[in-house]
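Comments concern the structure below.
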Amino acid sequence: MMAGHASGVPPTTQKEIYKYEAPWPLYSMNWSVRPDKLFRLAIGSYVEEYNNKVQIVALNEDISEFGPKSTIDHPYPTTKIMWIPDRKGVFPDLLATSGDYLRVWRAGEPETRLECILNNNKNSDFCAPLTSFDWNEVDPNLLGTSSIDTTCTIWCLETNQVVGRVNSVSGHVKTQLIAHDKEVYDIAFSRAGGGRDMFASVGAEGSVRMFDLRHLEHSTIIYEDPQHTPLLRLAWNKQDPNYLAMVAMNACEVIILDVRVPCTPVARLNNHRACVNGIAWAPHSSCHICTAGDDHQALIWDIQQMPRAIEDPILAYTAAGGEINQIQWGATQPDWIAICYNKYLEVLRV
């Protein structure tokens, strides 16, 4: 799938690339992590109107093609989609989406149904749009949302895991905090200390801030963009919680921080020729990260040599037929990366 600098094309024993064409342009996408649903993803449409869709697609191994399992209506495009990080399959088969609200769905075939809509504005039906959210891997009952109203909200989900009873899912606000001076664009939980309590956020004023759910009275600014360029995305290293990657608005590079040395980037990955839209750390390695952007490229980098400069990616996929706006590395599928461009989902063998 991904070409290195000198590698030939490997002999194919199975498909190297799976390609699925959706009925509409795609934006959000995420891998399922359930052990019995490995080759399953959720994808979200990007249509500039109220009526949007979320579709669950899975690999049909008999014909070696991805196909739709269930399609749901969604108001507005989803800003993010995420499956519950439940690798043992002990929770209900849940999916969450952010947009105008945080919605939690229960996956089913052919019908996926809405379990609950989480609105933190008790005074009205209006909710400031949510830019992103993250689902806590250590405690899947916790989700955090980021919003243009400068806040982050941590939600506590009640999945009512009573054996033999199918109870609905609900949730309540655990805490809401003003996280930034301007819009908050992304939020991500850290696994630092093996715990569930640390998270970081990025915002329109160009800072990365870290929070601890046990001590919310203060936060730590661990990076500020010198030009106050808005920061759009952040992602924690899956194996080493000292490292996080982030991308600024309209930037062609990805900045990597070491939280032990705040405010000074430890690496810059800058081989993209147009703005970067997505970053995904390897699920199984602390030194590999994938980036994707408007230059139709997905690049995999080896950052072992930090703080020495990292000149070139080790693998490059340059055959995407459009601007890649989403990239996800399968949490339980370390050999596979998924990208979205135009109407296409491509699942690529690394």
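Structure data summary
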| read-out | value |
| --- | --- |
| Set of lysines near LYS238 by C-alpha distance (under 24 Å), chain-local residues within fewer than 8 positions excluded | LYS37, LYS80, LYS88 |
| Pairwise centroid distance, computed over Cα atoms, of the range 231-304 with the range 33-66, Å | 25 |
| Radius of gyration, Dmax [the range 275-350; alpha carbons; angstrom] | 12.0, 39 |
| Total formal charge among the other residues, if their Cβ is under 12 angstrom from that of ASP294, Lys/Arg +1 and Asp/Glu -1 | -1 |
| Fraction of accessible area attributable to carbon and sulfur, the chain (%, probe 1.4 Å) | 49 |
| Debye-sum result for the range 151-287 in log10 I(q)/I(0), which assumes one identical scatterer on each alpha carbon, at q = 0.17, 0.22 Å⁻¹ | -0.94, -1.38 |
| Chain lengthening between TRP24 and GLU61 when straightened (0.36 nm per residue, less Cα-Cα) | 10.9 nm |
| Rounded accessible area per residue of the range 14-143, 1.4 Å, Å² | 44 |
| Relative contact order of the chain, defined on C-alpha pairs under 8 angstrom at six or more residues apart (%) | 13 |
| Cα gyration tensor category, rounded, prolate or oblate, for the range 205-350 with a/c compared to 1.5 | prolate |
| Table column - 3J(HN,Hα) (Hz), the range 345-350, Karplus curve with 6.51, -1.76, 1.60, x for Gly and Pro | 9, 10, 10, 10, 7, 7 |
| For the range 160-239, Kirkwood radius (reciprocal of mean inverse C-alpha pair distance, Å) | 14.5 |
| Directionally averaged shadow of the range 20-163, computed from the convex hull of its alpha-carbon atoms, nm² | 9.4 |
| Rg/Rh (Cα only; Kirkwood hydrodynamic radius) as it applies to the range 17-276 | 0.96 |
| From the C-alpha gyration tensor of the range 79-153, square roots of 5λ in Å | 22, 15, 10 |
| Which of TRP24, LEU234, TYR101, positive extreme of dipole for the range 17-276 (C-beta unit charges) | LEU234 |
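The values are calculated or read from the model by the stated rules, or taken from the named source; none is laboratory data. These figures come from a predicted structure and were not determined experimentally. For neighbour counting, all protein chains shown are included, and Cβ atoms are generated from backbone atoms with ideal geometry for every residue, glycine included. Remember, those area values only see protein heavy atoms, side chains included, never the ligands or the DNA or RNA. Shrake-Rupley method; radii C 1.70, N 1.55, O 1.52, S 1.80 Å.
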